[in-house]
Amino acid sequence: MTTTFFSDTIPLILVVDDDEVIRMLLRQFLEGEGYRVEEASDGQQALHKLTAKSFDMIIMDIAMPGADGPEVCQSITSSLANAPPILMITALDDETFVDRSFQAGAVDYIHKPIHWSVLKNRIRYILGSHRAKLELELLSRQYEMILDAAANGICGVDEKRIISYINPTGLSMLGYGDQPSLSGMPYDQVIKISMPGSDDFDLDCCPFFHDDSMTASHHFDEVRMLRKDGTSFPADFRATPIFRGTRVAGGVIVFQDVTERQQAAELIRYMANHDSLTNLPNRNYLRKRLPQAISLAQRHDRLLCLLFVDLDRFKPINDTYGHGIGDIVLFKVAQRLMKILRTSDSICRLGGDEFVILLESTSTVEGAELVAEKAIETLNEPIEAGDHVCYIGASIGISVFPDDCKDAETMLRHADIAMYDAKKKGRNQWQRFSGKESPFITT
């Protein structure tokens, strides 16, 4: 029956013995067991064959003239990167030869006269063990290739809290891209993290080493990690303990630079709260900001003024010159209005040609009226848009907290009503809320 250990390949065994009769007997036995066999009469011939061909196993006599078995074994294991397993055969009852053989790299030995059933099972065991070793090494290389190619930083830590492996991505993220490895270094000298808002990079990222109750992965959401050069970056970070029985035998650290993710999230938040044409805060922003401003004004017992600005004569510009020219006008209107405000005040574009100015630092209603006059004055100046000169104006309604409103919705509605009163009275002017609400006006 044919014995196959390596896929469909029949194992090839090299028999090395100066005794031709022993070589013949071994060949007959091994071929009868289904193996392929080649012979060598001494160590030099064996080394020559090993450089020309790959063998799965070597069976070698310990006592040979010239270079004996242990010497040849030493030459094989020292010269070949992946030397095949070597089984020694001896007729000598000499522990020195046996010790030298094992020191030279032999995996086992048997005595002469040979017990063929013992040899048969010994060969099966050695070939099986060697195959398992090769497969494990191959699997380990494949896993390492996967880890090396991973987009996340991956670091292995042993039970002595020493780095046993860190992949190239991790080295690069931490600023050690010029070093091939950090193996052998304590993890807490390399992996330094802090919580958001803190500059103290002394947080232990593997708390399970000193807390036996922690048996699951420990996830730090968006910590900051320190680079070699002292800079830092936001990271999604997870540390998982490795157990041997009930004892922590190491850990695996996985981390990901989330700078781009944070930037994308910040961009989404910005776009949700800002007008894409003018870059001003939009209606969504105002709905959140206005109640906060009212609450703050109430807490500090001060005025809050809101100006509802609606452009005059803007529709004819869109109708005559097109929306491209209209967009240029709106952008320049936003720039002009921002110039007349203090840094503590804010302006939003509600949509179309409607803007809202929120005055949080004015101490008098007269101050709000002065801002309204400045807004009308600056918007009365001609606006160059492309090849056209456009003339607009503005009607402005003013609402004041706490004089005529108590909440954000009412404040915005009252300013809208006051703006319509300004339009009714001839446009290009401002009006304060009069105290009367029209049932036809909604915001």
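For the structure I just gave you, tell me whether residue 15 is touching a residue at least 24 places away in the same chain (Cβ under 8 Å), crowded, with 17+ Cβ neighbours inside 10 Å, closer than 20 Å to residue 126 by Cβ and touching an Asp or Glu at 6+ places or on another chain (Cβ under 6 Å).
Numbers: touching a residue at least 24 places away in the same chain (Cβ under 8 Å): yes; crowded, with 17+ Cβ neighbours inside 10 Å: yes; closer than 20 Å to residue 126 by Cβ: yes; touching an Asp or Glu at 6+ places or on another chain (Cβ under 6 Å): yes.
Against the criterion (touching a residue at least 24 places away in the same chain (Cβ under 8 Å), crowded, with 17+ Cβ neighbours inside 10 Å, closer than 20 Å to residue 126 by Cβ and touching an Asp or Glu at 6+ places or on another chain (Cβ under 6 Å)), residue 15 qualifies.
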(Q) Looking at 147, 134 in this structure, which one is surrounded by 13 or more Cβ atoms within 10 Å (Cβ to Cβ), closer than 21 Å to residue 58 by Cα and among the aliphatic types (A, V, I, L, M)? (A) 134
Q. Of the residues that make up region 187-197, is at least one closer than 16 Å to residue 256 by Cα, of a type in the set (D, E, K, R) and not in a strand (DSSP E or B)?
A. yes
Q: Scan region 384-412 for residues that are buried (at least 20 other Cβ atoms within 10 Å of the Cβ) and free of Cβ contacts under 8 Å to residues at least 60 places away in the same chain and report the count.
A: 1
**Q.** Check on residue 164, in contact (Cβ under 8 Å) with a residue 40 or more places away in the chain and among the polar types (S, T, N, Q)
**A.** yes
**Q.** Which numbered condition residue 67 fails, given (1) surrounded by fewer than 17 Cβ atoms within 10 Å (Cβ to Cβ); (2) of a type outside the set (D, E, K, R); (3) within 19 Å of residue 116 (Cβ to Cβ)
**A.** (3)
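Which members of region 218-241 meet the condition of being at pLDDT 90 or above, assigned to a strand (DSSP E or B) and not small (Gly, Ala, Ser)? It would help to see each step written out before you state the result.
Taking region 218-241 and keeping what is at pLDDT 90 or above, we get 223-241.
Adding the requirement that they be assigned to a strand (DSSP E or B) leaves 223-226, 232-241.
If the condition is that a residue be at pLDDT 90 or above, assigned to a strand (DSSP E or B) and not small (Gly, Ala, Ser), then 223, 224, 225, 226, 233, 234, 236, 237, 238, 240, 241 are the ones that fit.
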Q. Could you count how many residues in region 81-131 are more than 19 Å from residue 37 (Cβ to Cβ), loosely packed, with under 12 Cβ neighbours inside 10 Å and hydrophobic (A, V, I, L, M, F, W, C)?
A. 1
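Does residue 345 meet the test of being over 23 Å from residue 391 (Cα atoms) and either at pLDDT below 95 or more than 45 Å from the chain's Cα centre (by Cα) (or both)? Give the steps one after another, and end with the answer.
On the way: over 23 Å from residue 391 (Cα atoms): yes; either at pLDDT below 95 or more than 45 Å from the chain's Cα centre (by Cα) (or both): yes.
Against the criterion (over 23 Å from residue 391 (Cα atoms) and either at pLDDT below 95 or more than 45 Å from the chain's Cα centre (by Cα) (or both)), residue 345 qualifies.
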Q) Are any residues in region 343-364 exposed (fewer than 14 other Cβ atoms within 10 Å of the Cβ) and without any contact (Cβ under 8 Å) to a residue 60 or more places away in the chain, and if so, which ones? A) 343, 344, 352
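The values are calculated or read from the model by the stated rules, or taken from the named source; none is laboratory data. On a predicted model such as this, the values are computed, not experimentally measured, just so you know. Note: ideal-geometry Cβ built from the backbone for every residue, glycine included; neighbour counts use all protein chains shown.
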